[in-house]
Structures are given as C-alpha cells and as structure tokens.
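Shown next, in structure tokens, is the structure this report addresses.
The values are calculated or read from the model by the stated rules, or taken from the named source; none is laboratory data. Quick caveat, the model's predicted, so the values are computed rather than measured. Every residue, glycine as well, gets a Cβ built from its backbone with ideal geometry; the counts of neighbours run over all protein chains shown.
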Amino acid sequence: MKTIANSKAGTKQPLNKYPRGWTRKMIRELAEYYDNQTEDEAVAEDEAAFNDPTQAVVLVPQELVPQVHRLIARHNQAKRRRTGARAK
C-alpha cells in the first residue's frame, strides 16, 4: 500500500485514492446515505434497479470482474465523447 508522510507526527498514513471525479465529501455522503437507509428502503432500491429496462443483471466469474469493469468504463467514456457529457 502506498503511504504519505504525516509531517506533524513524523509518521506515514495510507494514501487515499478515490475514483476519478470522487472526493472525500462524496464518499462520506454516500456512506452516510447507506448507513441511514432502512431495510425497506434498501429492498425498494434493489427492486427498482432490477426492474430498470435499460440495465441487466449478469453473473460473471469473479476472475473476470476487473475486465468487465474496464469494458464498462471504456463504454462509458465512448458514450461521453459522443454526447459531450462529463464523467460523474
């Protein structure tokens, strides 16, 4: 794991790397959202995602997950280039 020097304490801390476009505030807000979500709200959110006609749920062997993530990222980048949209 990469570390950064903590100049005040003279120690090293883990380097926090967020996904491109994400900030510490966004991560904190997302965690707070899910920490405060009721079970009924979570079920409703899951059901809505499964019923979204623009999405598909697919079982993928674990070893292929990184490749699928990269494929989706390339697809999203190409889509943004075509539409001129910015990354979320």
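Of all residues being in a loop (DSSP other than H, G, I, E, B) and exposed (fewer than 10 other Cβ atoms within 10 Å of the Cβ) in segment 24-51, which is modelled with the lowest pLDDT? Just the residue, please. Only one residue fits best here, namely Asn51.
Taking residues in segment 54-65 that are surrounded by fewer than 10 Cβ atoms within 10 Å (Cβ to Cβ), and partners anywhere that are at pLDDT below 95 and of a type outside the set (Lys, Arg), the pairs with Cβ atoms closer than 7 Å and at least 6 places apart or on different chains are Gln55/Ala49; Val57/Phe50. Only residues that are within 17 Å of the chain's Cα centre (by Cα), in a loop (DSSP other than H, G, I, E, B) and not small (Gly, Ala, Ser) were counted across segment 58-87, and they come to 1.
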